[in-house]
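Only the coordinates and a few stated rules stand behind these numbers; no lab work does. Since we're looking at a predicted model, the values are computed, not measured. We place every Cβ from the backbone using ideal geometry, glycine too, and count neighbours over all the protein chains shown.
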Amino acid sequence: MKKIPIIALLLSVAALVVALTRKNSPDLTIVSSSDAALVAEVEELRERLAALENADSIPGAKLPGAQNLERQLEELATNQQDIAELALGIDSLGVLETQEREVLNAYKVLMNEKQPAWERAKQANLLKRYGQFDQQAIDSMWKLFSNPKKPNDQAAALLALKGHVTGENRDDVLTAMKREVEGGFENGRLRYFGIEALEPLARDPEVREWLTFIAQNDPEPKIAGLAAKSVGFPVKPGASKGRK
């Protein structure tokens, strides 16, 4: 921002003071010593102003890119103001406040080991949607999977862990799935959510072998169809795309 207009304003005010002083003086031909000093000061300011104006008109007197930088700063300030106004507009409807409250509540439920397993696991989708399904939440669900208190606790944990089963922990899931199959295909939910959790690793030979076995042998058509789809096999007629 230029300072020249401010200096010019000061000069104008100083000149006005001089003019008024002279007008109120009984003898206009006589200039008091104080008036003379003021006039001299005004002249000095005029000379400085002229020097500044000349410097401003000389090419290259300003730093390279200064004007562009000023423009960018102004645009940034404008964008920040627009964002702030938009946020205030959204908040006036209570959207951000409601969202934050929902996420905090979902996180508390998921992390609370006293809550039912399914209630905890169901909060994972909301947390994933807002990028809040962090490592602590993942570890909490693995703990639920590793130390189940009820038959369906592992199935609930796998529901939450969908998309977070890696090559490092896939053996734990495969072991639980094989134990389920050896036990007589009793827990359909465990197999269903186990298939969903392992599907991203379907190219792994051991995972693919197990999924192929389920696709060919599971007594529940819906589960067999899900396993077949995960390995690219044709889904048999009557097999649903999802579990009710």
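Rounded, prolate or oblate, given the Cα gyration tensor of region 188-228, with a/c below 1.5 counting as rounded?
It is oblate, given that a/c is not under 1.5 and a/b is not larger than b/c.
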*region 130-202 - convex hull of the alpha-carbon atoms, volume per residue in Å³*: 89
*Could you calculate, for region 95-230, the ratio of the Cα radius of gyration to the Kirkwood radius, expressed as Rg to Rh?*
1.01
*Sparse-neighbourhood loop sites, GluC sites (Glu not before Pro) in region 160-204 - DSSP loop, at most 10 other Cβ within 10 angstrom*: Glu168, Glu186
*Distances over 18 Å make up what percent of all Cα-Cα pairs in region 108-167?*
21
*Give the calculated FRET efficiency between Gln135 and Thr78 to the nearest 0.05, with a Förster radius of 51 Å applied to their Cβ-Cβ distance.*
0.85
*Short version: ³J(HN,Hα) in whole Hz for each residue of region 171-187, in order, from phi by Karplus 6.51 cos²θ - 1.76 cosθ + 1.60 (θ = phi - 60°), x for Gly and Pro, what are they?*
4, 5, 5, 4, 4, 5, 5, 5, 5, 5, 5, 5, x, x, 6, 8, 10
*Mind checking the dipole of region 92-244: about its Cα centre, +1 per Lys or Arg Cβ, -1 per Asp or Glu Cβ, Debye to the nearest 20?*
500
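Fully extended, how many nm does the chain gain between Glu168 and Lys128 (0.36 nm per residue separation, minus their Cα-Cα distance)? Before the final figure, lay out the partial values.
Values: separation 40, 0.36 × 40 = 14.40 nm, distance 2.11 nm.
My answer for the length gained is 12.3 nm.
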